[in-house]
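The values are calculated or read from the model by the stated rules, or taken from the named source; none is laboratory data. Predicted model, so just to flag it, every value in this text is computed and none were measured. Ideal geometry is used to build each Cβ from the backbone, glycine not excepted, and the neighbour counts take in all protein chains shown. Surface areas here come from the heavy atoms of the whole protein model, side chains and all, with no ligands, DNA or RNA. Shrake-Rupley method; radii C 1.70, N 1.55, O 1.52, S 1.80 Å.
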Amino acid sequence: EADIYQTPRYLVIGTGKKITLECSQTMGHDKMYWYQQDPGMELHLIHYSYGVNSTEKGDLSSESTVSRIRTEHFPLTLESARPSHTSQYLCASTGTGRDGYTFGSGTRLTVV
Amino acid sequence: AQSVTQPDIHITVSEGASLELRCNYSYGATPYLFWYVQSPGQGLQLLLKYFSGDTLVQGIKGFEAEFKRSQSSFNLRKPSVHWSDAAEYFCAVGVESNTGKLIFGQGTTLQVKP
């Protein structure tokens, strides 16, 4: 079944650690997105990609980085985690504008 | 600049009552329009979408939405709310078909009273 997967679902990590949040989709979508969302709050676009080797920063400044080496894979990396990075991170993909996004289940990150 | 406004941050309705969640957008042409639902700790699930044709669209879970061009609105409705409908609801607008980027509203939290 075509879907989008995020791992891990929950992560508690110490300050200063490097972490990578995984996002993979099996739908062959060219466009992928990362959003940051605090509990009960709006979504903020932090990164997006229109295809392999294409990455762009979103509307909200983020210390994270992304890569897009394969169509299906769009990982997000934090080189040095800080408590201010504590949030939920949502990955999404789409084929065309009129399809809307398919979202993953999210990764809830806590930095202690 | 394009924008999406959900005027109601929090709504409480009784189970079995009707529901209407408001969404207004600012854009020169007719955009693609979406409603998503998010349960606590989960990702967003697409309820319904509109990009052309009949302005009343049906979605999953018994929801419907009506596009009104004159009011730049895309309000979500359900005739009879169930306790399981308690969640966060997001309206979204797609304004660039080649990029697929969506602009999301701030969200409306729906609480359902027994």
**Report entry** Separation of alpha-carbon centers, segment A:61-112 and segment B:4-30, rounded to whole Å
**Finding:** 27
Query raised in the report: Taking chain B as a Gaussian network, where each spring joins two C-alpha atoms under 10 Å apart, which residue of B:Ala65, B:Ala17, B:Ala92 fluctuates the most?
Result: B:Ala17
Query raised in the report: In segment A:69-112, which residues give up 50 Å² or more of accessible area once the other protein chains are added, compared with their chain alone (1.4 Å probe)?
Result: A:Gly97, A:Arg98, A:Tyr101, A:Phe103
Query - Rg(Cα)/(2.2 N^0.38 Å) for segment B:3-113, N = residue count - result: 1.01
Query raised in the report: Most mobile of B:Pro40, B:Pro79, B:Pro31 per a Gaussian network model of chain B (Cα springs, under 10 Å)?
Result: B:Pro40
**Report entry** Residue (of A:Gln88, B:Leu76, A:Ser64) at the positive-pole extreme of the protein assembly as shown, dipole from beta-carbon charges
**Finding:** A:Ser64
Query raised in the report: Can you list the lysines whose alpha carbon is less than 17 Å from that of A:Lys17, not counting same-chain residues fewer than 8 positions off?
Result: none
Query raised in the report: Using a probe of 1.4 angstrom, how much of the accessible area of segment B:3-113 is carbon and sulfur, in percent?
Result: 47
Report summary line: Of the listed links A:Lys18/B:Lys101; B:Lys49/B:Lys101; B:Lys68/B:Lys101, those spanning more than 18 angstrom between alpha carbons are A:Lys18/B:Lys101; B:Lys68/B:Lys101
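What does the C-alpha gyration tensor say about the overall shape of segment A:1-103? Classify as rounded when a/c is under 1.5, otherwise prolate if a/b is larger than b/c, or oblate.
prolate
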